[in-house]
Number of protein chains: 4
Amino acid sequence: MLDFSCDYKNGAHPAVLSHLVETNGEITDTYGFDKYSKSAKEKIKKACKSEEADVFFIAGGTQTNMTVISSCLQSYEGVICATTGHINCHEAGAVEYTGVKVLALPHKDGRISAEQIERYMSDFNGNPSRDHMVFPAMVYISFPTEYGTIYTKKELCDIRNVCLKYGLKLFIDGARLGYGLMCGECDLDLPFIAEVCDVFYIGGTKVGALCGEAVVFPKGAPAHFITMIKQRGAMLAKSRVVGVQFDALFTDGLYFEAARNAIIRAEELKKAFSDKGYGFFIDSPTNQQFILLDEKALRRLTGKVGFEIWEKPDGNTTVVRFATSWSTTKEEIEELSRLL
Amino acid sequence: MLDFSCDYKNGAHPAVLSHLVETNGEITDTYGFDKYSKSAKEKIKKACKSEEADVFFIAGGTQTNMTVISSCLQSYEGVICATTGHINCHEAGAVEYTGVKVLALPHKDGRISAEQIERYMSDFNGNPSRDHMVFPAMVYISFPTEYGTIYTKKELCDIRNVCLKYGLKLFIDGARLGYGLMCGECDLDLPFIAEVCDVFYIGGTKVGALCGEAVVFPKGAPAHFITMIKQRGAMLAKSRVVGVQFDALFTDGLYFEAARNAIIRAEELKKAFSDKGYGFFIDSPTNQQFILLDEKALRRLTGKVGFEIWEKPDGNTTVVRFATSWSTTKEEIEELSRLL
Amino acid sequence: MLDFSCDYKNGAHPAVLSHLVETNGEITDTYGFDKYSKSAKEKIKKACKSEEADVFFIAGGTQTNMTVISSCLQSYEGVICATTGHINCHEAGAVEYTGVKVLALPHKDGRISAEQIERYMSDFNGNPSRDHMVFPAMVYISFPTEYGTIYTKKELCDIRNVCLKYGLKLFIDGARLGYGLMCGECDLDLPFIAEVCDVFYIGGTKVGALCGEAVVFPKGAPAHFITMIKQRGAMLAKSRVVGVQFDALFTDGLYFEAARNAIIRAEELKKAFSDKGYGFFIDSPTNQQFILLDEKALRRLTGKVGFEIWEKPDGNTTVVRFATSWSTTKEEIEELSRLL
Amino acid sequence: MLDFSCDYKNGAHPAVLSHLVETNGEITDTYGFDKYSKSAKEKIKKACKSEEADVFFIAGGTQTNMTVISSCLQSYEGVICATTGHINCHEAGAVEYTGVKVLALPHKDGRISAEQIERYMSDFNGNPSRDHMVFPAMVYISFPTEYGTIYTKKELCDIRNVCLKYGLKLFIDGARLGYGLMCGECDLDLPFIAEVCDVFYIGGTKVGALCGEAVVFPKGAPAHFITMIKQRGAMLAKSRVVGVQFDALFTDGLYFEAARNAIIRAEELKKAFSDKGYGFFIDSPTNQQFILLDEKALRRLTGKVGFEIWEKPDGNTTVVRFATSWSTTKEEIEELSRLL
């Protein structure tokens, strides 16, 4: 059955798999010091045009978020994010489990704005009770967001400026970073991300790898970050498993090329729905598309193609998500099109 | 260069890798519900002769320890272990990071005994201040231990009985479980482990996999263990990466066969050292061998073969660890022998 | 200078102080087992008409909230409260520090409703991703709320019913419980509170004591709650300091009588403001009054009488809080009246 | 009945109580900013000859230990202490509850030495796996220790030097500080303590107060320590309750005078036991005396005088603790003497 329900049901990109196969017989170092992790880190730093960056590999996204946030903040500090931010909704309270309060701001299409952060900080600083409150110390945004939307260069610069003004760190959750960077609307690139952030991660699990995320601290990592990775259970002994995969993904632009495929397919998918008169919940330029289905359409498609139920704005309408990925083929879109 | 420094510098067992390759093109479910994870779980339950068991896959060992321990205990409870226990020494305080105190007892060759636990519990229960103390609620042992030693059937039964008497859960860290079960001295098997424990894990990373440990709760898992895995950042989205590997490891006894190779090689390695007059720090029947080197021998071998410096009991003697694995060859042992 | 800025700037009620003085020379037991703590617990159970209740004394409010919440919940569970709930706003993230996520719902005059909780739970249970979310397990409400409002008997019964339906514990923060129970609008009493809740606390610090809150579990406390109090640093060695105070407060209805004075004074204060044409931000029946001041009035009163700046709904208006207490006198209200 | 079982069964020193009574009618600020807290802080700074010190009041000892330790350390850091240290034994895992590992060293009469710390640090720094271990960052010692012993000036200087060498903070738990400083063997004073430590606390609960400990950071407190106090639930709203007590204790040397009484009485108590031929488990110069009782003596004294069972080194001998305090009278010692 056709399946667009999410972008991590496939295996590894063939070139990633090949690299695992061809390096399998070697003896390598461990805990991030194997030669493939080292090579991948160099390639990522080059792709970010950030020679002083520190790069680390972690197996999954929630783990990366909780490790980065809890390692960068003091106990009296908290992290600002959109109410729809992944850390606020779908990580089972992993950030709070480390003792950190998530300070959620209302979102617009998954985004928060520099103005909101400015207002929040200005209110906080003006509050005579602020010593009895959690000190905001980091801004977390997802790029693309949980609704598939992205931020423009201008929006990120504005957020960065508010962060600088108030001493906030900026952390970008890039679980789907490739799909954001490769979309048609995007006016920025990896070096810009590295410039604007204190820390971000390049998602591998959803963009060609079997597992693994690359955390990048363009201005350097917190002291003893390695020990904090270990302490949160996030260190892989046989680190090559992620290192080899990122080494392949950052060879000859594979990461971007793989991501681009998802965008091309998403555009075709959008057109297919649009041509058949379906409406969209949100105008997403990336690989996640949010379609409005009435009861009849919902019944007709269920069981014929995989998608994810997102939310039910009213009794008759259901918002569903269709996700493409690096592995989605033109033929799959055509087959979907015939079902609509 | 020959390298015996640790048992996780190699890749995956060829049969494990093949299974990853041959299943790579498929679309599978996520978060532990993919068909390979399901299949692997069934095979593990069968190997444990424990149909009611709950099985989960987690990427690494420290993560498994902290997730299991913190999920099984209440906040006022702690975990008993040997001073040399991995959770007490080499996990950067991961267990304490979850708020749980490790209650360390003196070890003998890496082991603790039923008598020690009995005495500790009896003292605790007799202590009028016990409400101001951490309540012991779990016993953690490693099998094999950090010194390569194992427990006998009788020793484990005795420990189990003390646990039952005092309401303690028994957790066996099986990072190297295969190497313990396959060694000549071992008088027990997987079904026995499943019977004697409340929870244990079957280490994959060190026995044939690229990553992954299989946590087994023979009498059932704590409620909402899945959410607690997620909350500790330990859930893999593309869970097949571990599921496929364990599916291969538990097909046709591969896990045990792979482990047996390490034991055969370790016996040869022991003989090689012994024949050349080297002494042993501990009489280990498993894949980790602890050799005594004087200054001269240390200098001679350094740079010619990889091993790990373990401890320095006195100025002139160094204890070093040589580890074999499923991938160690007869030729490597012979080459080592020539160097001694 | 007149000071209405908060209700904990005074000392102890004279009868409370006398009891401390007259018992000072005695030798008593410790850690909650002194005779005054025991006597006070019996009196509180009687006042609650709840013989099976477990009662504990803790020095302060934030400590009580974090101890109760973290002791009642499992790590995968969270606590529902109003966005304006004290635990969400003004406790420096103490609840999150224990690893628990606060699930904040929009408030109305400081209150949340049974309908909101019902909707939240029904959405949660219907969410296919709920295993990746924090499980709601407790409802926290303040009585009176942070805006001085209270809940009716009917409203609390409705909330209780939703809690029963979904297996949620109900926790009432009674930092100002006396001021709620004694206000004219209140249609419920302490035995009703004990019936409707799983746990609540009777605030002493703000109602006659120097320090101390009485936590009541009408249906029994969690196992080893004493050890969890100790573990959170919340156990007083010389426990009589709080025991003696509550023993006095629950002798001859002192707690209620002391609280009633604050309500009488608050009514007079309301009338004084009202007579002079001031507006109210909220219609509060308890000891906290929220007055609207324009710029001129704000300037005129500043420096002549103490009050607290609450919020600034717009450029020209400031919401300020005036709080009465058990120690506020008729003369103070008259003096205030002359200033308006 | 005579009771020497512990030093916190009495009330407040009469002069402390008087100060509470005479200030009770006043209106004061809150959260540590009341005038009595301010005054007490100045007096303590003067007594410490440490004008740049930051002083905070916290209600109890366990709370102080967990708040100080968790506020001073980063998540990857741990605290060195004696196996018998209060934080390691009798605080229900409060330090671990904040995520910090306690690194326990063998004690000698309750003490650890500079040499032990030096060896531990040197081993740690030489350990190639140290990134997988908890980084020692603080030394915790009790003065007097849990066995009533003290450290000499020379011993503390040596410990300080090791701390400076390895970047460790030095924290002295002074729950019974007065009883240490006033004992005959003591060759140091409060200004020396302030000089040698990064942080220490002056115990009030056991030396004249109803509750309260004064935390002193002679070289300045961590940033936002107030918020971290609040976050750990350790902030008293009506802070005067502790402020007034320490204001009295540090007026005209009351703290030291009160402590001296306990020492005089302890000397008399020692002589009484010694004269009757009893043996001592430890030679303690402070207010806690550890007496060896055989079965007969134990039976004879039980029920006639209160003492605490400490430990049972063998079947026939019991170590019991007799504690004097600021309130112990000469007559009580004489009465005890007649019972022996």
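Here, each number is a calculation from the coordinates, and none is a lab measurement. Note that the coordinates shown come from a computational prediction; the quantities given were computed from them, not determined experimentally. Here the Cβ is made from the backbone with ideal geometry for all residues, glycine too, and neighbour counts use every protein chain on show.
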Among the trypsin sites (Lys or Arg not before Pro) within the range C:301-340, which fall in a DSSP loop and have no more than 14 other Cβ atoms within 10 Å of their own Cβ? C:Lys304
In Hz, Karplus ³J(HN,Hα) per residue of the range B:192-198 (6.51, -1.76, 1.60; θ = phi - 60°; x = Gly, Pro): 5, 4, 5, 6, 7, 9, 8
For the range A:70-159, give me the percentage of DSSP beta bridges that are antiparallel, rounded to the nearest 5 percent. 10 percent
When chain C is treated as a GNM, springs tying every alpha-carbon pair under 10 Å, which of C:Ser325, C:Ser75, C:Ser239 comes out with the largest mean-square fluctuation? C:Ser75
Per-residue mean of other chain beta-carbon atoms within 10 angstrom of the beta-carbon, peptide D:16-29? 4
Between D:His107 and residues 5 or more places away or on another chain, the pairs with built amide H atoms under 5 Å apart involve D:Thr83, D:Thr84
Equivalent ellipsoid, the range D:1-144 (semi-axes from 5 times Cα gyration tensor eigenvalues, Å): 36, 20, 15
If you rotate chain D onto chain A, whose Cβ in D ends up lying nearest the axis, and how many Å away is it? D:Gly99, 4
Percent of alpha-carbon pairs separated by more than 62 Å within the protein assembly as shown: 16 percent
Would you please classify the overall shape of the range D:130-218 from the alpha carbon gyration tensor, given that a ≥ b ≥ c denote the square roots of the eigenvalues, rounded means a/c under 1.5, and beyond that prolate means a/b larger than b/c while oblate covers the rest? prolate
Give me Rg/Rg_expected for the range D:86-137, where Rg uses Cα atoms only and Rg_expected = 2.2 N^0.38 Å with N residues. 1.28
Using a 7 Å Cα-to-Cβ projection, C:Asp294 label spacings across copies, nm, ascending: 5.5, 9.2, 9.9
Give the span of the range B:223-340's Cα atoms along each principal axis, as three whole-Å numbers ordered largest to smallest. 55, 34, 25
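For the range A:218-265, take N as its residue count and report Rg(C-alpha) divided by 2.2 N^0.38 Å.
1.58
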Of the beta bridges DSSP finds with both residues in the protein assembly as shown, what % are antiparallel, to the nearest 5? 55 percent
Rounded to the nearest 5, the percent of DSSP beta bridges in the range C:24-252 running antiparallel is 40 percent
Amide H contacts under 5 Å for B:Met138, restricted to residues at least 5 apart in sequence or on another chain and with H modeled in the peptide plane, are B:Gly78, B:Ile80, B:Lys169
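How about the range C:133-185: which GluC sites (Glu not before Pro) there are in a DSSP loop, with at most 16 other Cβ atoms within 10 Å of their Cβ?
C:Glu185
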Tell me the distances, shortest first, between C:Gly315 and the same position across the other copies, using label points 7 Å along Cα→Cβ, in nm to one decimal. 4.6, 8.3, 9.0
Rounded to whole Hz, the Karplus (6.51, -1.76, 1.60) HN-Hα couplings of the range D:227-233, x for glycine and proline: 5, 5, 4, 4, 4, 8, x
Ranking of A:Cys186, A:Cys197 by count of other Cβ atoms within 10 Å, fewest first: A:Cys186, A:Cys197
7 Å from Cα along Cα→Cβ at both A:Arg130 and A:Glu331: what's the point-to-point distance in nm? 6.1 nm
Using the alpha carbon gyration tensor of the range C:256-318, what are the three equivalent-ellipsoid semi-axes (square root of 5 times each eigenvalue), largest first, in whole Å? 23, 12, 11
What translational diffusion coefficient, in µm²/s and rounded to a whole number, does the Stokes-Einstein relation yield for the range B:161-291 at 20 °C and a viscosity of 1.002 mPa s, taking the hydrodynamic radius as the Kirkwood radius over Cα pairs? 128 µm²/s
Listed by chain and number, the lysines with an alpha carbon less than 28 angstrom from that of B:Lys41, same-chain partners under 8 positions apart left out, are A:Lys9, A:Lys206, A:Lys230, A:Lys238, B:Lys9, B:Lys49, B:Lys153, B:Lys169, B:Lys206, B:Lys219, B:Lys230, B:Lys238
For chain B the mean separation of alpha carbon contacts under 8 Å (6+ apart) over residue count, i.e. relative contact order in percent, is 26 percent
Quick one: 3J(HN,Hα) in Hz for the range A:263-271, Karplus 6.51/-1.76/1.60 with θ = phi - 60°, rounded, Gly and Pro as x. 6, 4, 5, 5, 5, 5, 5, 4, 4
At a 10 angstrom cut-off on C-beta neighbours, averaged per residue, how do the peptides C:175-184, D:292-301, D:62-71 rank from highest to lowest? D:62-71, C:175-184, D:292-301
At 4 °C in a medium of viscosity 1.567 mPa s, chain C has a Stokes-Einstein diffusion coefficient, with Rh taken as the Kirkwood radius over alpha carbon pairs, in µm² per second, of 62 µm²/s
For A:Trp310, what residues show an amide H to amide H distance below 5 Å, using hydrogens built from the backbone and excluding near sequence neighbours? A:Val319, A:Val320, A:Arg321
Distances in nm from B:Glu335 to the matching label points in the other copies, shortest first (labels 7 Å along Cα to Cβ): 4.8, 8.4, 9.2
Residue with peak Gaussian network fluctuation, chain B [Cα springs, cutoff 10 Å], from B:Val305, B:Val100, B:Val215: B:Val305
Other chains' Cβ within 10 Å of A:217-224 residues: what's the mean? 2
